[in-house]
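A short write-up of the structure that comes next.
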Amino acid sequence: MNKDLDHLAEAQLDTLRHEGNYREFAELERHAGSFPNATRYVPDGRSEQVKVWCSNDYLAMGQHPKTLEAMMNALAEYGAGAGGTRNISGTTHHHVLLERELADLHQKPAALVMTSGYVANWASLGTLAARLPNCIVFSDALNHASMIEGMRHSKAPRKIWRHNDVAHLDQLLSEADADAVKLVAFESVYSMDGDICPLEEILDVCEKHGAISYLDEVHAVGLYGRRGGGIAEARGLMQRVDIIQGTLGKAFGVMGGYIAGSTSVIDFIRSFASGFIFSTAIPPAIAAGACASIKHLKHSNSERAGQRRAVRALRARLDAMGIPHLDNDSHIIPVIVGESHKCKLISDMLLDDYGIYVQPINYPTVPEGTERLRITPGPHHSIEDIDALCMALHHIWSHCALAPKTPMRGPKAIHNHTVAANGEEA
């Protein structure tokens, strides 16, 4: 045992604790059929019932009967694991069916499934930017860490454009080498502020400069559009986007990530992306469950409608009580605290005193001074659940002597800087 290693590790962990940014896991047991109800296990061995308010299983498809039935049938038929990488015995019929469903969902000729949304971004952007000749990447300042890591891995030059600032993107593209391959990477729904990109205007600029558009729809697939195809489908812009990346681990309720695009681009990623080539394939049961979930949400709107009702009701209740939250057009409700220790304190009090679980979101996930509770209402949160959450926040807000309780009007209220939360300089 190398004690020097332990000392070095503990020193940095102590810094995290001192700053209020040390992460602790909540040990939960989700209750299939009654989620957001869950059992929480505490270190002394006790357990207690809680309501979960921060899940990314946005539509509770992780407990939908069709998802569960498909997974159980595939488990009985295929066994537990895929047995290898996709290239070496790991491509089952369920993987092929899933990729067909995803291609259809995004109105693209092809799709490719990977082990997570993080890997899909890292592998795809890293491969594209590295192998496309003379490529320059143009990245929104608030892009996810997985996108940043892919760009860095590629070693391609990159330009950071101010968050959702189409004029700045246009300027940077205009200044770039006219002969360079230009790859513009951005998200539709940004997970921490919940704001939605000006998609049509971004695509206009991409097309003006002959740039490739790479759209991360992770927090939008399943939730927006007539069939759950995301913001691009909702705004009738699917055919104008070159590459769409998404996840199976949020609104579809399972796990995995993917990209969708032209046959040649998908084959290019399949053939050159090390993150895909050398990773064991997702289990066939997972692929079957995801496929069933996608098929269901292509035809059912009840889950989306239920979620939107809960989002509207919670926003109205927070406004009535003066609890400060970012006013956006998405399903994500960030309640701004603005200080890491108080953010964790509020989260702990909600969990310990009220049986309400909302994870604190601190630096480096968000910039210092914008710490928050990220709340994600789902279709199974009742009006009684909403009232209980808001009353708890109302009591705790006064107890913690926090800032004035006034609604915040959008992400620009806290993102008026040029240094991104992901650490990239603009």
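For residue 55, the conditions (1) surrounded by 13 or more Cβ atoms within 10 Å (Cβ to Cβ); (2) within 30 Å of residue 272 (Cβ to Cβ); (3) not charged (D, E, K, R) are fulfilled apart from (2).
Residue 186 falls short on exactly one of the conditions (1) buried (at least 18 other Cβ atoms within 10 Å of the Cβ); (2) out of contact with any strand residue (DSSP E or B) (no Cβ under 7 Å at 6 or more places or on another chain); (3) of a type in the set (Phe, Trp, Tyr), and that condition is (2).
Any residue at all in the range 38-48 that is closer than 30 Å to residue 309 by Cα and touching a helix residue (DSSP H, G or I) at 6+ places or on another chain (Cβ under 6 Å)? Among the residues of the range 38-48, not one is closer than 30 Å to residue 309 by Cα and touching a helix residue (DSSP H, G or I) at 6+ places or on another chain (Cβ under 6 Å), which makes the answer no. Identify all residues within the range 163-191 that are over 16 Å from the mean Cα position of the chain (by Cα) and under 26 Å from residue 229 (Cα atoms); write none if there are none. Passing the criteria: 163, 164, 165, 166, 169, 182, 183, 184. Counting only residues that are without any contact (Cβ under 8 Å) to a residue 60 or more places away in the chain and farther than 17 Å from residue 397 by Cα, the range 330-368 holds 2 of them. Across the range 233-248, the qualifying residues are those that are assigned to a loop (DSSP other than H, G, I, E, B) and open to solvent by 30 Å² or more (accessible area, probe 1.4 Å), and the one among them that is nearest to residue 56 (Cα to Cα) is 235. Do we find that residue 403 is buried (at least 18 other Cβ atoms within 10 Å of the Cβ), at pLDDT below 95 and in a loop (DSSP other than H, G, I, E, B) in this structure? Judged against the criteria, residue 403 is not a match. Of the numbered criteria (1) out of contact with any strand residue (DSSP E or B) (no Cβ under 7 Å at 6 or more places or on another chain); (2) of a type outside the set (Asp, Glu); (3) surrounded by fewer than 18 Cβ atoms within 10 Å (Cβ to Cβ), the one residue 280 fails is (1).
The values are calculated or read from the model by the stated rules, or taken from the named source; none is laboratory data. These numbers come from a predicted model, not from an experiment. Ideal geometry is used to build each Cβ from the backbone, glycine not excepted, and the neighbour counts take in all protein chains shown. Each accessible area value is taken on the protein alone, full model and side chains, heavy atoms only, with ligands, DNA and RNA left out. Shrake-Rupley method; radii C 1.70, N 1.55, O 1.52, S 1.80 Å.
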